[in-house]
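The values are calculated or read from the model by the stated rules, or taken from the named source; none is laboratory data. In this text the structure is predicted, and so the values were computed from the model without any measurement. Cβ sites come from the backbone with ideal geometry, for glycine too, and all protein chains shown count toward neighbours. Protein only, heavy atoms only, side chains kept; ligands, DNA and RNA dropped before computing areas. Shrake-Rupley method; radii C 1.70, N 1.55, O 1.52, S 1.80 Å.
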Amino acid sequence: MSDAEAFREQVAYLLERSAFYRDKLAGHDTGGGLAAIATLPLTTKQELRETVTPGNPFGAHLCAEPREIVRVYSTSGTTGDPSYIPLTASDLENWIETSARSYAASGVQPGERIVTTYNAGPFAAGAALAAFERIGLTHVPIGTGNTERLMRAIELLRPDAVVMTPSYAAYALEWAGHRGFDLAGSSVRRLLLAGEPGGGEPAFRAALEQGWGARVTEAMGIGDIGVSLWGECEHQDGMHLGGAGIVHPELIDPETGGALPMDDGARGELVLSHLRHRAAPLLRFRTRDHVEVRAKPCPCGRSGPRVRCIGRTDDMLIVRGVNVFPSAVREVVGAFAPQVSGQIAIRRRSPGVKQEPPLPVRVELARDVPEDPALAEAIGARVREALVVQADVELVPWGSLRRSEYKSKLIED
Ligand SMILES: [Zn+2]
């Protein structure tokens, strides 16, 4: 079945079973199919949350009967209550399949050994873990928070690849450095990064590749739609859609909600629609992921636009009308390596998203690098030039910013 046919069936299914989408689509013409998807309304996480009741903890977009649901994941929910993500057996199968495709793009081969470091627990990452056996890898789950155990596994089991968050990859590299553990000389030849933006920042990536002696590629998904939907290939120029045929991607202007063509270099918010989902399908879901599109043909031969995540709306600050992603600030600062460690912290002057300039940015120096006012000035100038935001750069000694073994918080209050 083509995507266009799958989309027509998905919309008919929504109109039949989803109270949420019957309301939302009332008065809209769905007859244009996938080609006219941009004329249909967008869906936000907040809207879904508002339909949750004690009687229906999933929300009014639930389509499946209770006995059809084989698994329920939770999202951590930055604002308190978790939200629940139900999956039918076919949904779960699609999640694993798209995750397998996304991670396989990295070049890992059946028969190789892979160590994973997710503490999946109640979270959707659990479905991604099943992808590694699906690819044909020997999967060694280690989890987060026990770096000693991770290093022992690398030493004794000699894995070909490790899966981790970018923050944990950096943390583990420093940990190994302190203890004289030679990661670059280990068996690990591929680092598969996911869970937060950052794995594509050039300076950060270069530092990880050198320290680990491994090739770094990224993968990305979103729990509401599919845990791993995008994965980068060995050419390392943005993530391919591993979810092709299962989800449909679009780009929008985050301010106006208007559709943007997925042309090379285009930037905007990623919007995803399910094409074959059963339990609680979503139509034009705003992911809050801001991406840059790569549309030139990839030498690997995979087709379709690729994306690189620049940052998430949840982390974004607005400084005198300019949108600033902390990860973008980190990217600019990272280019000053080897003088800086790559760790930064942005302090908000006032609560909320809108900030008055200059934006206070603490930049950690590399080990044994003395403080130098000229360096602070140069970093400030580069931030202003690249991001059009005035920053007040404070250099701090190596080791003064907090490291994360999971996901970094770049904003401190
Ligand atoms: Zn490729």
Item to check | Set Asp315, Asp263: member being under 29 Å from Ser167 (Cβ atoms) and open to solvent by 50 Å² or more (accessible area, probe 1.4 Å) | outcome: Asp315
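Quick one: which of Gly145, Gly180, Gly107 is open to solvent by 10 Å² or more (accessible area, probe 1.4 Å), out of contact with any Gly (no Cβ under 9 Å at 6 or more places or on another chain), touching a residue at least 60 places away in the same chain (Cβ under 8 Å) and over 29 Å from Arg278 (Cα atoms)? Lay out the reasoning, then the answer.
Numbers: Gly180 fails: touching a residue at least 60 places away in the same chain (Cβ under 8 Å); Gly107 fails: open to solvent by 10 Å² or more (accessible area, probe 1.4 Å).
Selected residue: Gly145, the only one of Gly145, Gly180, Gly107 that is open to solvent by 10 Å² or more (accessible area, probe 1.4 Å), out of contact with any Gly (no Cβ under 9 Å at 6 or more places or on another chain), touching a residue at least 60 places away in the same chain (Cβ under 8 Å) and over 29 Å from Arg278 (Cα atoms).
Out of curiosity, is Ala214 away from the ligand (no atom under 16 Å from the Cβ) and buried (at least 22 other Cβ atoms within 10 Å of the Cβ)?
Numbers: away from the ligand (no atom under 16 Å from the Cβ): yes; buried (at least 22 other Cβ atoms within 10 Å of the Cβ): yes.
When the stated conditions are applied, Ala214 passes them.
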Checklist entry - What number of residues within the range 66-78 satisfy the criterion of being at pLDDT 95 or above and open to solvent by 60 Å² or more (accessible area, probe 1.4 Å)? => result 5
Next on the checklist: Here are the criteria: (1) touching a His at 6+ places or on another chain (Cβ under 7 Å); (2) open to solvent by less than 10 Å² (accessible area, probe 1.4 Å); (3) within 16 Å of the ligand (Cβ to nearest atom). Tell me which single one Gly243 does not satisfy.
Outcome noted: (1)
Checklist entry - Which strands (runs of 3 or more DSSP E) does the range 334-413 wholly contain that include 1 or more residues that are within 24 Å of the chain's Cα centre (by Cα)? => result 340-347, 359-365
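Would you kindly identify the helices (runs of 4 or more DSSP H) lying entirely within the range 1-80 that contain at least 2 residues that are within 24 Å of Gly121 (Cβ to Cβ)?
Values: elements: 3-17, 19-25, 45-50.
Fully inside the range 1-80 and qualifying: 45-50.
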Item to check | All positions within the range 283-308 that are more than 19 Å from the chain's Cα centre (by Cα) and open to solvent by less than 10 Å² (accessible area, probe 1.4 Å) | outcome: Leu283
Next on the checklist: Out of everything in the range 273-325 that is hydroxyl-bearing (Ser, Thr, Tyr) and part of a strand (DSSP E or B), what residue ends up being nearest to the ligand (Cβ to nearest atom)?
Outcome noted: Thr287
Checklist entry - How many residues, within the range 277-320, are in contact with a helix residue (DSSP H, G or I) (Cβ under 9 Å, 6 or more places away or on another chain) and of a type in the set (Lys, Arg)? => result 5
Item to check | Qualifying positions in the range 79-99 - surrounded by 22 or more Cβ atoms within 10 Å (Cβ to Cβ) and within 19 Å of the chain's Cα centre (by Cα) | outcome: Ile85, Asn94, Trp95, Thr98, Ser99
Next on the checklist: Please count how many residues of the range 348-403 are closer than 23 Å to Ser167 by Cα, open to solvent by 40 Å² or more (accessible area, probe 1.4 Å) and not hydrophobic (A, V, I, L, M, F, W, C).
Outcome noted: 10
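For (1) under 30 Å from Glu93 (Cβ atoms); (2) small (Gly, Ala, Ser); (3) open to solvent by 50 Å² or more (accessible area, probe 1.4 Å), each residue gets a yes or a no:
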| site | (1), (2), (3) |
| --- | --- |
| Glu255 | no, no, yes |
| Val271 | yes, no, no |
| Pro281 | yes, no, no |
| Ile310 | no, no, no |
| Val319 | no, no, no |
| Ala328 | no, yes, no |
